[in-house]
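Bear in mind that the values in this text are calculations on the coordinates, not laboratory data. On a predicted model such as this, the values are computed, not experimentally measured, just so you know. Neighbour counts are summed over all protein chains in view; Cβ atoms, including those assigned to glycine, are modelled from backbone coordinates with ideal geometry.
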Amino acid sequence: MGPLWPSDISHLVRDLLMAADDGTEYVSAVQILERLPPAVRERLIAESKAFGVVTDAAHRVDGVEIEYFDREGRSVSAVLNSGGIPDFSATARYRFRPVE
């Protein structure tokens, strides 16, 4: 059996984002990984590439909204829009927004 790729799990990630979304909830890659079926999660962890695959899969989901936050929990877009400079350790959080 070969390694798991983002395209292998993007449908699972989409389903998780759809289930988590009440219109306000963002979830992180860690939360997505925790909610994957145990066999998939354990396999990704064993392959030592869990977060990269989960992140890439989330970016492939049509209708995903991504917000980047810096280490201080500030929205990177809000900091940039106010003329500030965010730190460069941004973390992404995801939520599902249906494509209209």
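Label-to-label distance for Phe51 and Ala19 is 2.4 nm, based on points extended 7 Å past Cα in the beta-carbon direction.
Where in the stretch 26-58 is the amide nitrogen less than 15 Å from a point lying 7 Å along the Cα-to-Cβ axis of Tyr68? Under 15 Å, as judged by backbone N against the label point of Tyr68, lie 56 of the stretch 26-58.
Each label was represented as a point 7 Å from its Cα along the Cα-to-Cβ direction; for His11 and Ala92 these points are 2.2 nm apart.
If we count every other residue with Cβ under 12 angstrom of Leu44's Cβ, Lys/Arg +1 and Asp/Glu -1, where does the sum land?
-2
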